[in-house]
Amino acid sequence: MTESNNIRTLSVDIGGSGVKVMILNQQGNPISDRLRVNTPSVGTPTSIIAEIVNLAAQAGEFERVSVGFPGVVRSGVTETAANLHPEWIGFDLATSLTQHLNKPVRVINDADMQGLGAIAGRGVELVITLGTGFGSALFIDGKLVPNLEMGHHPFRKGETYEEQLGRSTLEDIGEKKWNNRVKKAIASLQHLFNYDYLYIGGGEAKRINLNLPPNIKLIPNVTGLLGGIALWYDWQHIPQIKI
Ligand code: BGC
């Protein structure tokens, strides 16, 4: 195999509780271990970039970088950061990480990246992630509608999906109540999107204890990293609009 058809991608998943990396080959298969560190308690751009640079050095060789970030991302700039430090608002993560790693970097929302690793590419596919925050991603025939932020949308009892279903709430209310709420959230999303498929990922998806219909699939957390390969597909045009 020549160098040119063996481009390796460092895939990075920035989360509210962990920063994870893995190297993917040109086909999108893992060729390194998945490395993880806890997200620094003060999750500023400086502290998180330092963790990514450390993890990248341990992971091995790569030629390009894909990043999933837990907030709205437009043209490599992070616009919101509900579970990280406010210094992320308006931060040019793609440019900064390119300077640190000396490799081309593409950045999208973490749920969008997870979805790219999960979808079948047909029909209306919705993805939600249950972790520190509540992530969401929407695809029409495999094409991403970027930055769907269901998490901060009203859900019930005057609270948002993230307030009702985020990890800190799960710890407060326990798995039984949380599962009831997940069931209600699925019903609400079904009515709104009439999706063909719903994928549920994120660190807490394993705590779902519901009988799910065949068009709802639980996806492993590593999907968040596997989706990184799709940021470099020519056909998956991720809008990079400068405003
Ligand atoms: C953010 C989303 C993100 C989700 C999961 C939410 O708080 O607003 O952009 O996808 O958390 O990390």
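The values are calculated or read from the model by the stated rules, or taken from the named source; none is laboratory data. The shown structure was predicted, so the numbers you read here are calculated from the model rather than taken from an experiment. Please note: Cβ atoms are built from the backbone with ideal geometry, for glycine as well, and neighbour counts cover all protein chains shown. Just the protein is used for accessible areas: all its heavy atoms, side chains included, with ligands, DNA and RNA removed. Shrake-Rupley method; radii C 1.70, N 1.55, O 1.52, S 1.80 Å.
Couplings 3J(HN,Hα) of segment 222-229, computed from phi: 5, 4, x, 8, 4, x, x, 5 Hz, in residue order, whole Hz [Karplus 6.51 cos²θ - 1.76 cosθ + 1.60, θ = phi - 60°; x for Gly and Pro]. Surface composition of the chain: carbon and sulfur make up 50 percent of the accessible area, probe 1.4 Å. Near VAL73, the amide H atoms lying under 5 Å from its own belong to GLU79, ASN109; only residues 5 or more places off or on other chains count, and H is placed 1.01 Å from N.
From most to least packed by mean Cβ count within 10 Å, the peptides 61-72, 170-181 give 61-72, 170-181.
Indicate the gyration tensor shape class of segment 1-137 (rounded, prolate or oblate), computed on the Cα atoms with a ≥ b ≥ c the square roots of the eigenvalues: a/c under 1.5 is rounded; otherwise a/b larger than b/c is prolate and the rest oblate. Here segment 1-137 falls in the oblate category. Put simply, the amide H of ASN83, placed in the peptide plane, has no neighbours under 5 Å, leaving out anything fewer than 5 places away on its chain. Packing, as the average of other Cβ atoms within 10 Å across residues, places the peptides 206-217, 15-26 in the order 15-26, 206-217, highest first. Across segment 199-205, computed HN-Hα scalar couplings (Karplus, 6.51 cos²θ - 1.76 cosθ + 1.60, θ = phi - 60°) run 10, 10, x, x, x, 9, 4 Hz from first to last residue, x flagging Gly and Pro. Here LYS177 is the anchor, and the lysines within straight C-alpha reach of less than 27 Å, apart from those fewer than 8 places off in the same chain, are LYS157, LYS206, LYS217.
When DSSP beta bridges are restricted to pairs lying wholly in segment 120-218, around 60% turn out antiparallel.
For segment 120-218, the solvent-accessible area of protein heavy atoms averages 49 Å² per residue (probe radius 1.4 Å; ligands and nucleic acids excluded). With the whole protein complex present, GLU162 retains an accessible surface near 30 Å², based on a 1.4 Å probe. What is the angle, in °, between the Cα long axis of helix 45-59 and the longest principal axis of the Cα atoms in the chain? Nearest 10 is fine, range 0 to 90. Approximately 70 degrees, to the nearest 10. Under 1.5 on a/c is rounded, so check that first for segment 85-179, then, if it is not, pick prolate when a/b is larger than b/c and oblate when it is not; a ≥ b ≥ c are the square roots of the alpha carbon gyration tensor eigenvalues. Oblate shape, in that a/c is at least 1.5 and b/c is the bigger or equal ratio.
For LYS103, a cut-off of 24 angstrom between C-alpha atoms picks up these lysines, skipping any fewer than 8 places away in its own chain: LYS20, LYS242. If you model the chain as an ellipsoid using its alpha carbon gyration tensor, with each semi-axis the square root of five times an eigenvalue, the axes come out at 28, 20, 17 Å, biggest first. Structure remark: mean-square fluctuation, Gaussian network model of the chain, C-alpha springs under 10 Å; the largest value among GLY115, GLY28, GLY133 belongs to GLY28.
Taking only Cα atoms and a 10 Å spring cutoff, compute GNM fluctuations for the chain and point out the largest among LEU93, LEU189, LEU55. Ranking LEU93, LEU189, LEU55 by mean-square fluctuation puts LEU189 first.
Between amide H atoms placed 1.01 Å from N, distances below 5 Å from ILE216 occur with LEU198, all of them 5 or more places distant or on a separate chain.
Each residue of segment 161-167 is assigned a 3J(HN,Hα), and the resulting list reads 4, 5, 5, 7, 10, x, 4 Hz, derived from the Karplus form 6.51 cos²θ - 1.76 cosθ + 1.60 (θ = phi - 60°), x at Gly and Pro.
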